[in-house]
Amino acid sequence: MNKTLLANIDDPRSADLDFYEQNGGYESLRKALPMDPGVIIENVKNANLRGRGGAGFPTGMKWTFASGDPKFPKYLVCNADEGEPGTFKDRPILEKNPHILIEGMAISAHALKSDYGYIYLRGEYPDARVILEQAIDQAYEKKYLGDNVMGSGKKFHLSVHVGAGAYICGEETALIESLEGKKGQPRLKPPFPVSVGAWGLPTIVNNVETLSNLPLLIRIGPEQYAAIGSPECPGPKLYSVSGHVERPGVLELPMGTSLKEIIYEHCGGIKGGKTLKAVIPGGISTPVLPHDKIDCPMDFVNMPKHGSMLGSGAVIVMDESVCMVKVCLRAIKFFEHESCGKCTPCKDGTGWLRRILARIEQGEGHKDDIDLLVSIAGNIAGKTFCPLGDGTASVVQNFVKHFRAEFESHITGRGCPF
Amino acid sequence: MKKEVMQNDLDNKSLFSPVSLRKRYPTLQATLLPALYEAQKRFEWLSLEALEAVSKELDVPKATVRGVATFYSMYKKHPMGRHLIQLCTNISCMLFGAERLVDIIKKHYGVEAGKTSDDGRFSLVIMECIGACGTAPAMLVNTDFHENLTEENIIKILDEYK
Ligand SMILES: Cc1cc2nc3c(=O)[nH]c(=O)nc-3n(C[C@H](O)[C@H](O)[C@H](O)COP(=O)(O)O)c2cc1C
Ligand code: FES
C-alpha cells in the first residue's frame, strides 16, 4: 500500500509547504472548497471513516450532529494530546507531515462550517509545536488558512494550544476545559461537545490521524477509500509498535491487518529470537492478550470479538522474560497518577489497586488479594465519570484473567519469580 | 527575572498574555495555560508571586490560577535545577530498563526522582509516556528528546548539560 499519512516522511523536506505542494498537497482542499458541505459529510459517512483517537466513533455521524446544531461559531479541535502509553503514531504526522493535518482540518472546517480551529498539542512534544507553528504560518501565507481560504470566501483560523502534562486532557471534554483555561476535568455527558462544547458552542473534537485522512478521502472518493482494509471500518491505519520486537516503530497499513502479521512480518518478530508472552494491542488501557490470541484483525470491529480493543493502535510486545504483575502494577500506577480526582471510584480505587498489586509484586500478597483486585475492579467499572476508570478496571481484570497463575505464584512463592 | 524589571513589565498589562495570543480565543481565561508557561519562563518557577501576577493580569481568581497551575504536571511548583531531566518509566521504557537509568542518574549526579541536585545542575522528574516508545527508553532534557538510552550512553548525554 502506498503511504499517505506518512508519505515521504523520510525526506528531510517533508514538513515543508513547497515540498508538500509538489507532491499534490492542498489539491484535496482545492477540490473540496467548491463542494457543498453536506456532500462532504455524506462522503465521510459513505467512506465509513471512524475516529482514530481510541473509541472508533463514526466520524460522519459526529459531523452530522455538529452541523445540525443551529449555534455558531462552531469550533474544530484536533486532539493531539497523544497520551495513551505506548502510543506514538500521531507524532510523525505532527513532526514530519504537518500539512496533511492542516489540509485535513481546512477541509473539515469547510464541511462543518467552522471558522475557528485549535490543535490541542501535548506539552511533551516541544519539537512538534515549533514545526506545527511554522507550518501554520506558511499555510496562512499561501492562503490555505485565513479570512479567505484559497479565494473561496471561506474563513478558517487555526492555532496551536499547548497542554501542560495531563493524560486526562486527551478525553475530549477535559480537553475542552483545558482549552478554556481550566483544570482538565471531564464534563458530564450529555450534552455532548457537538452541541455544547468549548465556550458552550458546538465543538468537534477529532484525533490527528482522523483529520489527516481527509485529504486522501477527498482525493480518491468514498468508494475507493472504503475499499482499503476492513470493510466495516476501512482506511489506512497507523500502528505504533514498541517493546520486544526486532523493528519497533510506526507503521502505516490497511486497517484490519492482523496483529500477528504486524509483529512477525512488519516488525521482524520477537527481539533476539525469544518467545512471545503477551501483547497489549491498543495502548495500556486496552485488554492484554496472551501469545496464542494474537491472530486477530486490528480494527475497531474485530478486536472486541477477540477479547480486546483497537484503542489507539499502540502495540506493546512482551517476551517471556516479562513479569505480568509488574506490568500490571506499572499500568495502574499510571492511572492513579493521572486520575483527575473528580470521582471517588477512580480517585480512590486506582490507589487501592496499586497498593495491592505492589504488595503482591513484593512478595507480601495475601491469599485473597487476587479476588480483592477483581472485586475492586468490578466496583470501578461503569461507575466512573469518564472511561479512565473503566480502562483501569479492565486492565486489572484482563491481566488476572489471562495470567492468574502468575499472580498466584507471586503470593505463594512470597516474591517475584522473574 | 529581577524584580525591578518585573514591575515595569507588569505595567504593560499583557506580559504573560500578549495581544497576539488573546486574539485567538473568545475569552481571556483561555490564555491561562500559555500565560502560566510565560510566567514560568520569566520567574523561573511558579511562585506565589508569579501566580498572583498572572491572576491580576488575566482577571482570573487566584484560587483558579493556583488550581490550574497545580493540576498540570509540567508547571514548576518549586525552584528547579538548570536542566530538567524528564525520564519516562512507563511500560515500553520499563521493558528496556528505564528503572535502572533512574538509579544511575541518582548515583552519578546525586539527584533523586522529584528532586534537584545540591549543585543546582539537574532536576529529575519521572515521566509517564512521552511518545518515544519505539526508541525506548527515552527522556526529554529541557526540550531535547534523547532516545535509545542505555546504561552506557546516558551519562555521556547528560554530561553535555553543564
Ligand atoms: C482518558 C482518555 C484519554 C484519551 N486520550 C486521547 C488522546 O490522547 N488522543 C485522542 O485523539 N483521543 C483521546 N481520547 C479519546 C477522545 O475522548 C475522543 O474520543 C477523540 O479525540 C475523538 O476523536 P476521534 O473520533 O477522531 O477518535 C481519550 C479518551 C479518554 C477517555
Ligand atoms: S513508554 Fe516511554 S516513551 Fe512511551
Exactly one condition in (1) within 11 Å of the chain's Cα centre (by Cα); (2) within 8 Å of ligand 1 (Cβ to nearest atom) is not met by A:Gly86; state its number.
(2)
Could you give every pair whose Cβ atoms fall below 8 Å, whose first residue belongs to segment A:48-66 and is closer than 23 Å to A:Lys89 by Cα and of a type in the set (A, V, I, L, M, F, W, C), and whose second residue is near ligand 1 (Cβ under 6 Å from one of its atoms) and not in a helix (DSSP H, G or I), counting only separations of at least 6 or pairs across chains?
A:Phe57/A:Gly51
Might you check whether a residue that is under 28 Å from B:Val68 (Cβ atoms) and within 13 Å of chain B (Cβ to nearest Cβ) occurs anywhere in segment A:341-363?
yes
Quick one: in segment A:146-187, which of the residues that are under 20 Å from the mean Cα position of the chain (by Cα) and among the charged types (D, E, K, R) is surrounded by the fewest Cβ atoms within 10 Å (Cβ to Cβ)?
A:Arg187
Given the criterion within 16 Å of ligand 2 (Cβ to nearest atom) and touching a strand residue (DSSP E or B) at 6+ places or on another chain (Cβ under 8 Å), identify the matching residue among A:Pro193, A:Pro126.
A:Pro126
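When you go through A:Ser312, A:Ser339, A:Ser308 one by one, which is the residue that is touching a residue at least 12 places away in the same chain (Cβ under 8 Å), touching an Asp or Glu at 6+ places or on another chain (Cβ under 6 Å) and buried (at least 19 other Cβ atoms within 10 Å of the Cβ)? Reasoning before the result, please.
Values: A:Ser339 fails: touching an Asp or Glu at 6+ places or on another chain (Cβ under 6 Å); A:Ser308 fails: touching an Asp or Glu at 6+ places or on another chain (Cβ under 6 Å).
From the options A:Ser312, A:Ser339, A:Ser308, the qualifying one is A:Ser312.
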For segment A:55-68, check the following and say yes or no: at least one residue is modelled with pLDDT of 95 or more, over 20 Å from A:Pro236 (Cβ atoms) and of a type in the set (D, E, K, R).
no
Tally, over segment A:314-327, of residues that are more than 10 Å from chain B (Cβ to nearest Cβ) and either within 26 Å of B:Tyr72 (Cα to Cα) or part of a helix (DSSP H, G or I) (or both)
2
One residue from A:Gly389, A:Gly351 being free of Cβ contacts under 8 Å to residues at least 60 places away in the same chain and more than 16 Å from ligand 1 (Cβ to nearest atom):
A:Gly351
Per the filter on segment A:231-255, residues away from chain B (no Cβ under 11 Å) and within 16 Å of ligand 2 (Cβ to nearest atom) are A:Leu238
Determine the pairs where a residue that is free of Cβ contacts under 8 Å to residues at least 24 places away in the same chain, located within segment A:184-198, has a partner that is part of a loop (DSSP other than H, G, I, E, B) with Cβ atoms under 8 Å apart, the partner being 6 or more residues away or on another chain.
A:Pro193/A:Pro202; A:Val196/A:Pro202
Consider B:Thr27 against the criteria (1) at the interface with another protein chain (Cβ under 8 Å from one of its Cβ atoms); (2) part of a helix (DSSP H, G or I); (3) out of contact with any strand residue (DSSP E or B) (no Cβ under 9 Å at 6 or more places or on another chain): it satisfies all of them except one. Which criterion is unmet?
(2)
Pick out the one residue from B:Asn153, B:Asn148 that is over 14 Å from the mean Cα position of the chain (by Cα) and within 16 Å of ligand 2 (Cβ to nearest atom).
B:Asn148
Quick one: in segment A:103-123, of everything that is outside any helix (DSSP H, G or I) and out of contact with any Ser or Thr (no Cβ under 9 Å at 6 or more places or on another chain), which residue is farthest from ligand 1 (Cβ to nearest atom)?
A:Asp115
Among the residues of segment B:54-74, is any touching a His at 6+ places or on another chain (Cβ under 8 Å) and more than 16 Å from ligand 2 (Cβ to nearest atom)?
no
Residue set B:Leu51, B:Leu95, B:Leu84, B:Leu58; condition in contact with a Lys or Arg (Cβ under 6 Å, 6 or more places away or on another chain) and either hydrophobic (A, V, I, L, M, F, W, C) or away from chain A (no Cβ under 14 Å) (or both); output residue B:Leu51
Among A:Gly283, A:Gly307, A:Gly349, which is the only one that is small (Gly, Ala, Ser), in a helix (DSSP H, G or I) and under 27 Å from A:His410 (Cα atoms)?
A:Gly349
Any residue that is closer than 19 Å to A:Thr210 by Cβ and assigned to a strand (DSSP E or B) - is there at least one of those in segment A:79-102?
yes
Restricting attention to segment A:1-49, and to residues there that are out of contact with any Asp or Glu (no Cβ under 8 Å at 6 or more places or on another chain) and of a type in the set (Val, Ile, Thr), which single residue is surrounded by the fewest Cβ atoms within 10 Å (Cβ to Cβ)?
A:Val39
I need the full set of residues from segment A:170-179 which are under 20 Å from B:Leu28 (Cβ atoms) and not aliphatic (A, V, I, L, M), in order please.
A:Glu177, A:Ser178
Report yes if some residue within segment A:378-395 is crowded, with 19+ Cβ neighbours inside 10 Å and farther than 30 Å from A:Pro191 by Cβ; otherwise report no.
no
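For segment B:114-127, state whether one or more residues are among the aromatic types (Phe, Trp, Tyr) and either within 11 Å of chain A (Cβ to nearest Cβ) or part of a helix (DSSP H, G or I) (or both). Give the steps one after another, and end with the answer.
Kept after step one, since they are among the aromatic types (Phe, Trp, Tyr), are these residues of segment B:114-127: B:122.
Subset that is either within 11 Å of chain A (Cβ to nearest Cβ) or part of a helix (DSSP H, G or I) (or both): none.
Among the residues of segment B:114-127, not one is among the aromatic types (Phe, Trp, Tyr) and either within 11 Å of chain A (Cβ to nearest Cβ) or part of a helix (DSSP H, G or I) (or both), which makes the answer no.
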Of the criteria (1) farther than 24 Å from A:Val396 by Cα; (2) away from chain B (no Cβ under 14 Å), which one A:Lys271 fails:
(2)
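The values are calculated or read from the model by the stated rules, or taken from the named source; none is laboratory data. As the structure is a prediction and not an experimental result, all values here were calculated from the model. Every residue, glycine as well, gets a Cβ built from its backbone with ideal geometry; the counts of neighbours run over all protein chains shown.
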